[in-house]
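Worksheet for the structure shown next.
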Amino acid sequence: MKKIDGNKIAQQIIAELKEQAQPTKRLVAILVGNNESSKSFLKRKQNIAQELGVDFQLREFEQSITQEDLEGEIMRLSDDDSVGGIILQLPLPSHIDRSAVISRISLFKDVDNLTGEASVLSPAVSVIQDILKEVSFSLLDKTVAVVGSEGFLIGQPVVRWLGDQRLKISG
């Protein structure tokens, strides 16, 4: 079995992105609540954005934000021409209807493809493709098992992608 160096792959991706033109629009991340794991994850995204010259803005909201206020904020960002992308950091508090909030994100600004309808691949699928390329491994003629296939952020997008590729997926 070949060892996969995720840091090496990440650095290669960052190097490739540095060669592209810098975006002129802002990337806005929305964090609801005080989840330390989410904060840490967004800090990493912010650091990479800065390394790439991307204008990254983090908007933090109290755990108690209302459904209406959060949807309103998403709609404002979706309509704002200075915003090129929106990250909605999950999980959301239990009183928030995740699907309703996600539906307010413009397809053109849905950088994580939470809607499942954007023209970009989900980050999970993109990473899997990069890893498979790095280790020169093809899934053709293989049966693929997806652990956590019901998961919203990783499992479901991966299963959709595998199906789109007409690959065999184990039950």
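The numbers here are math on the coordinates, done by the rules we state, and not lab data. These numbers come from a predicted model, not from an experiment. Don't worry about glycine lacking a Cβ; one is built from the backbone with ideal geometry, like all the others, and counts go over all protein chains shown.
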ask   = Angle between the Cα long axis of helix 67-79 and the longest principal axis of the chain, 0 to 90 degrees, nearest 10?
value = 70
request  = Could you state the angle between the C-alpha long axis of helix 155-164 and the longest principal axis of the C-alpha atoms of the chain, as a value from 0 to 90 degrees rounded to the nearest 10?
outcome  = 50
key: Top of LEU77, LEU17, LEU90 by mean-square fluctuation, Gaussian network on the chain, Cα under 10 Å   = LEU17
inquiry  = Sequence gap at least 6, Cα distance under 8 Å: using those rules, report the relative contact order of segment 123-170 to the nearest whole percent.
reply    = 42
task = Among the listed pairs LYS8/LYS39; LYS43/LYS168; LYS2/LYS43, give every one whose C-alpha distance is greater than 29 Å.
result = LYS43/LYS168; LYS2/LYS43
query = Can you work out ³J(HN,Hα) from phi for every residue in segment 3-17, in order, using Karplus 6.51 cos²θ - 1.76 cosθ + 1.60 and θ = phi - 60°, giving whole Hz and x for Gly and Pro?
reply = 6, 9, 9, x, 5, 5, 4, 4, 5, 5, 5, 4, 4, 5, 5
task = For the chain, set up a Gaussian network in which alpha carbons nearer than 10 Å are linked by springs, and say which option among LYS25, LYS142, LYS45 fluctuates the most.
result = LYS142
message = Can you compute the charge dipole magnitude of the chain about its Cα centre, using +1 on each Lys and Arg Cβ and -1 on each Asp and Glu Cβ, nothing else charged? Give it in debye, rounded to the nearest 20.
response = 740
remark   = Restricting to Cα pairs under 8 Å and 6 or more apart, the percent relative contact order of the chain works out to 19
message = What's the magnitude of the charge dipole for segment 123-170 around its Cα centre, counting Lys and Arg as +1 and Asp and Glu as -1 at the beta-carbon? Answer in Debye, nearest 20.
response = 140
